[in-house]
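One structure below.
The values are calculated or read from the model by the stated rules, or taken from the named source; none is laboratory data. This one's a predicted model, so the numbers in the text were calculated from it and none came from an experiment. Note that each Cβ is placed from the backbone with ideal geometry, even for glycine, and that neighbours are counted across all protein chains shown. Surface accessibility is based on the protein's heavy atoms, side chains included, excluding ligands, DNA and RNA. Shrake-Rupley method; radii C 1.70, N 1.55, O 1.52, S 1.80 Å.
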Amino acid sequence: MKTIELNHPLIQHKLAILRDKKTGTKEFRELISEIATFLCYEAMKDATLEEVEIETPITTMKTGKLNEDNYAFVPILRAGTGMLEGVISVVPNAKIGHIGMYRNEETFEPVNYFFKVPKDIEKREVIILDPMLATGGSAIDAIELLKSKGVKKMKFLSIIGAPEGIERVEREHPDVQIYCAHIDNQLNENKYIVPGLGDAGDRIFGTK
Ligand code: PRP
Ligand code: URA
């Protein structure tokens, strides 16, 4: 599936503030969360609604409602947790899992250190959250871990993606739809996204 990029002046505006190295932790966190809401909105475009009958103050009508029990959000630690508030604000009853992953600083390969997901994860559509999709290694491993637990439908939401990493995930997991607020130019020699925004985890948590 071809990656869907949010193409909207409001997103570009928010990304401009997010990317700026002068932007502080508080505003950075708020923007990550806000952009995550927009990504979630786009990713839920094909959501199936269940028919319900409701009574307005004027009359009764048949309409559609989302069964939130069909969904789970899975942020990749640490930086993915920064997107959680934004998505939970629109689907508040979805369950939440966590995958702990960090990149080895020399090999750039992901290392999995934590995995805890809802018991019935295989019955849910899983929306994976990670603001940065760089080499794609973390995304690929997270998707494989979830597939090994029986998950059949997954989407991947990221704020910034690198073309190299996106192509890798598309090739290895063509069944997983990726949504990016923006696809940047390339990776540098340290596998950071250029122009990017730096280290998302450090900027969200103020660790550097
Ligand atoms: C960052 C980011 C992704 C990963 C992307 O996490 O949040 O998980 O790197 O890189 P990749 O596509 O090359 O795998 P990091 O390892 O910095 O951990 P952190 O979230 O704990 O800071
Ligand atoms: N992880 C980040 O936080 N930023 C990058 O540019 C690449 C990986």
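Among beta bridges identified by DSSP and lying wholly in the chain, the antiparallel ones come to about 40 percent. Ranking I88, F156, T59 by how far each Cα lies toward the positive end of the dipole of the stretch 52-198 (charges on Cβ) leaves T59 at the top. Electrostatic bookkeeping for A200 treats Lys and Arg as +1 and Asp and Glu as -1; over the other residues with beta carbon under 9 Å from its beta carbon, the sum is -1. Under the rule a/c < 1.5 gives rounded, and otherwise a/b versus b/c splits prolate from oblate, where does the stretch 13-129 land using the Cα gyration tensor? It comes out oblate by the Cα gyration axes. Helical runs assigned H by DSSP (4 residues or longer) give the chain a calculated mean residue ellipticity at 222 nm of -9000 deg cm²/dmol, each run adding -39500 (n - 2.57) before division by the residue total.
Can you give the longest run of the chain that contains no GluC sites (Glu not before Pro) sitting in a DSSP loop with at most 14 other Cβ atoms inside 10 Å? So the longest stretch without any such site is 1-104. Each part gets one Cα centre, and for the stretch 149-174 versus the stretch 20-70 those centres are 21 Å apart. Structure remark: mean-square fluctuation, Gaussian network model of the chain, C-alpha springs under 10 Å; the largest value among L77, L157, L129 belongs to L77. Summing charges over all other residues whose Cβ lies under 12 Å from the Cβ of T81, with Lys and Arg as +1 and Asp and Glu as -1, gives 0. The calculated Kirkwood hydrodynamic radius for the chain is 17.6 Å, given to one decimal from all distinct C-alpha pairs.
Assign unit charges at the C-beta atoms only (+1 for Lys and Arg, -1 for Asp and Glu), then state the dipole size of the stretch 1-142 relative to its Cα centre in Debye, rounded to the nearest 20.
Details: 17 positive and 22 negative charges, 82 e Å.
Around 400 debye, computed over the stretch 1-142.
Local charge for I17 was computed over the other residues whose Cβ lies under 13 Å away, with Lys and Arg +1 and Asp and Glu -1, and equals +3. Principal-axis analysis of the Cα atoms of the chain puts helix 9-19 at an angle of about 40° to the longest axis.
Our coupling estimate for the stretch 126-134, obtained by passing each phi through the Karplus curve with A = 6.51, B = -1.76, C = 1.60 and θ = phi - 60°, is 9, 10, 7, 10, 7, x, 10, 10, 9 Hz, Gly and Pro reported as x.
What percentage of the solvent-accessible surface of the stretch 58-125, computed with a 1.4 Å probe over protein heavy atoms, is contributed by carbon and sulfur atoms?
Result for the stretch 58-125: 51 percent of the exposed heavy-atom area is carbon or sulfur.
What the chain shows is 53 Å² of accessible area per residue, with the surface traced by a 1.4 Å probe over protein heavy atoms.
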